[in-house]
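Here the structure is laid out as structure tokens; the discussion comes afterwards.
Just so you know, all these numbers are worked out from the coordinates, no wet-lab data involved. All of these numbers come straight from a predicted model, not from anything done at the bench. All Cβ positions, even for glycine, are placed from backbone atoms using ideal geometry, and neighbour counts span all protein chains on display.
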Amino acid sequence: MSITRRKFLQKSTLMTGAALLHQAGHKESVLARPALDPNSLTPFVDPLPIPQLAKSEGMRPSPTNTAVKIPYYRVAMSAFETKVHRDMKPTRMWGFGGAFPGPTFDLPGGQEVLVEWANELPQQHFLPIDYSLHGAERDKPQVRAVSHLHGAKVPPHSDGYPEDWLVPGKSGIFHYPNQQDAAMLWYHDHAMGINRLNIFAGLAGAYILRDKQEQALRLPSGPFEIPLIISDRMFDKDCQLYYPVSDKVEAPWTPEFFGDANLVNGKLFPFLEVEPRKYRFRILNVSNGRFYRLSLSNKQTFHQIGTDQGLLAAPVPVQKIVIAPGERLDLIIDFKDAAGSRVTLNDNFARLLEFRVSNGSVKDESVLPPVLRIIEKLQESAAVKTRRLSLDEVDDLVQNPVRMLLNGSPWHAPVTENPRLNSTEIWEFVNPTNDSHPIHLHLVRFQILDRRNFEAFGFLARQQVRFTGPTVPPDPAEAGWKDTVRADPGMVTRIIVRFEGFPGRYVWHCHILEHEDNEMMRPYDVLPES
Ligand code: C2O
Ligand code: CU
Ligand code: CU
């Protein structure tokens, strides 16, 4: 196999040269088609929707101990229409429970549940399938779906393997043990080769796990704890979702999607009325490819208390914070000093959500504790193996990306990553491309060790890593338990993982959905303990 890779142009920590080029490319293709300009709409006329809570439909025997009855849920995926903005016509979407975002699961830790995911979608897709992608060929049904619970420690048969998709009319019952620390997980479609389209259509929702340790902290809760599920989309003149295509009719895949309309909980420019007190915001980026840099318009400091896999050791004061696709943030914002004003949550210069802070003062009994929990640092000396894994972009002759790979291997190549259950490994992601790739491993949580610049040209020529700078520790914002990590361009990013849970087949992949759908995903095996 000959791999040509694009020249390494420049490095920056986040939105990179290539990403911006791709973005510009998208803009061109969009100009050819009449698009809705979201900035022509009046902002902040719709209240922020709060997704409904998922409701159990009774009790059923646990698959691991039939004497025990556990809650059973049924969530259907279906097509529906919804108004994204007061002045837009209804938009067709696909979602769980007839909504985007789907219903939020809110469960006490350790409470195992059964969820029946039912595919009640139409037989035809409404977004542009690329039949040249592996797993999406013309002999496959157009509409396929399989649910994955991102960040969950689940047995392999309930993990939502990308090839285990179901067609409309079928459903699968998954078992979630929920034996893990309190965290905001999320569920989404994972069907091979069309995942980017299914999630873009709206197939995603939040899944919150609690525990006693977290409850004892007296963080803002109830009406003062709010999920913010953020995504970018693009709309055509008829207010319908628009997913851009390449200029190749037989290969419409585009390397990344960036939209100009940012939705929060499915609304464009919503507002939220808040009291002058502390709130807890559970933030999730379900965008295909966009990284958000969040800040508040009044430049006030807020606190990050958690990341993907739950609470940090201590709150981190921040004014700007980055969230990549698939990542979560747990923030405390105190509106006490903003009483009577309007504050917007921004991404760089784009406004996402307006907080309308009421006047006066209120009694706030919630706490921002100085210490959140003890996070035991995984020791490098505990690792039995180090795997060096490259992140690869394969280009055509004019340097357009045509495919992405992990360690030079496509999806269907034999499994190469096969850690033993309960062993600790270090995985090093070598990124000679221009993009930051959010790398996600199913089943496990991990810690980031460090990042380090290396000489990308030399690596592409000789496959040898020559470092050009010192190791950089993770940001304080990333210094907790993670399940998705930014592998920044021109850097080697190292994580340390203990493979706890279950033996079996899982996957690891880039969470830029366009990359994931075009070979930047690999199966991995957790081998039984020896
Ligand atoms: Cu968000 Cu494979 O997962
Ligand atoms: Cu996942
Ligand atoms: Cu990627």
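Take the range 432-484 and flag every residue that is under 30 Å from Gly160 (Cβ atoms) and in a strand (DSSP E or B).
Matches in the range 432-484: His437, Pro438, Ile439, His440, Leu441, Phe446, Gln447, Ile448, Leu449, Arg451, Lys482, Thr484.
Does any residue of the range 114-131 turn out to be among the hydrophobic types (A, V, I, L, M, F, W, C), surrounded by 20 or more Cβ atoms within 10 Å (Cβ to Cβ), under 30 Å from Leu48 (Cβ atoms) and within 16 Å of ligand 2 (Cβ to nearest atom)?
yes
Scan (1) of a type in the set (D, E, K, R); (2) within 24 Å of Gln179 (Cβ to Cβ); (3) in contact with an Asp or Glu (Cβ under 9 Å, 6 or more places away or on another chain); (4) more than 16 Å from ligand 1 (Cβ to nearest atom) for the single condition Lys482 breaks and write down its number.
The single condition Lys482 does not satisfy is (4).
Out of all the residues in the range 495-521, which are touching a Leu at 6+ places or on another chain (Cβ under 7 Å), among the charged types (D, E, K, R) and surrounded by fewer than 22 Cβ atoms within 10 Å (Cβ to Cβ)?
Within the range 495-521, Arg498 is the sole residue that qualifies.
Name the strands (runs of 3 or more DSSP E) wholly within the range 214-286 that hold at least 3 residues that are among the aromatic types (Phe, Trp, Tyr)?
Working: elements: 225-233, 261-264, 270-274, 278-285.
Fully inside the range 214-286 and qualifying: nothing.
Which of the residues belonging to the range 98-110 are in a loop (DSSP other than H, G, I, E, B) and crowded, with 21+ Cβ neighbours inside 10 Å? Spell out how you get there, then give the answer.
First, pick out the residues of the range 98-110 that are in a loop (DSSP other than H, G, I, E, B): 98, 100-101, 109-110.
Within the range 98-110, Phe100, Pro101 meet the criteria.
Given the structure, is Glu393 of a type outside the set (A, V, I, L, M) and crowded, with 21+ Cβ neighbours inside 10 Å?
Numbers: of a type outside the set (A, V, I, L, M): yes; crowded, with 21+ Cβ neighbours inside 10 Å: yes.
So Glu393 fits the description; yes.
Can you pull out the residues in the range 147-182 that are more than 16 Å from ligand 1 (Cβ to nearest atom) and either farther than 23 Å from Glu327 by Cβ or small (Gly, Ala, Ser) (or both)?
So the first thing to find is which residues in the range 147-182 are more than 16 Å from ligand 1 (Cβ to nearest atom), and the list is 166-173, 175, 177-179, 181-182.
Hits for the range 147-182 are Leu166, Val167, Pro168, Gly169, Lys170, Ser171, Gly172, Ile173, His175, Pro177, Ala182.
In the range 414-427, what residues are surrounded by 18 or more Cβ atoms within 10 Å (Cβ to Cβ), part of a strand (DSSP E or B) and away from ligand 2 (no atom under 16 Å from the Cβ)? Break it down stepwise before answering.
Here is the first cut: in the range 414-427, the residues surrounded by 18 or more Cβ atoms within 10 Å (Cβ to Cβ) are 417, 419, 423-427.
Cutting the leftovers down to part of a strand (DSSP E or B) gives us 424-427.
Correct list: Thr424, Glu425, Ile426.
Residue by residue, here is whether (1) touching a residue at least 12 places away in the same chain (Cβ under 8 Å); (2) under 24 Å from Met77 (Cα atoms) holds:
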| position | (1), (2) |
| --- | --- |
| His175 | yes, yes |
| Ala182 | yes, no |
| His190 | yes, yes |
| Ala204 | yes, yes |
| Ala216 | no, no |
| Leu219 | yes, no |
| Leu241 | yes, yes |
| Glu256 | yes, no |
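Of the residues that make up the range 469-478, is at least one buried (at least 23 other Cβ atoms within 10 Å of the Cβ), in contact (Cβ under 8 Å) with a residue 40 or more places away in the chain and more than 16 Å from ligand 3 (Cβ to nearest atom)?
Kept after step one, since they are buried (at least 23 other Cβ atoms within 10 Å of the Cβ), are these residues of the range 469-478: none.
No, the range 469-478 contains no residue that is buried (at least 23 other Cβ atoms within 10 Å of the Cβ), in contact (Cβ under 8 Å) with a residue 40 or more places away in the chain and more than 16 Å from ligand 3 (Cβ to nearest atom).
I'd like to know if the range 445-455 contains one or more residues that are more than 27 Å from Arg290 (Cα to Cα), away from ligand 3 (no atom under 16 Å from the Cβ) and buried (at least 20 other Cβ atoms within 10 Å of the Cβ).
Within the range 445-455 (the criterion being more than 27 Å from Arg290 (Cα to Cα), away from ligand 3 (no atom under 16 Å from the Cβ) and buried (at least 20 other Cβ atoms within 10 Å of the Cβ)), the answer is no, since none of the residues qualifies.
Here is a check on your reading of the model: is Val398 away from ligand 2 (no atom under 16 Å from the Cβ) and either farther than 28 Å from Asp46 by Cα or assigned to a loop (DSSP other than H, G, I, E, B) (or both)?
Numbers: away from ligand 2 (no atom under 16 Å from the Cβ): yes; either farther than 28 Å from Asp46 by Cα or assigned to a loop (DSSP other than H, G, I, E, B) (or both): yes.
When the stated conditions are applied, Val398 passes them.
Assuming Ala79 fulfils every condition listed in (1) in a strand (DSSP E or B); (2) more than 30 Å from Glu519 (Cβ to Cβ); (3) of a type in the set (Gly, Ala, Ser) apart from one, which condition is it?
Failing condition for Ala79: (2).
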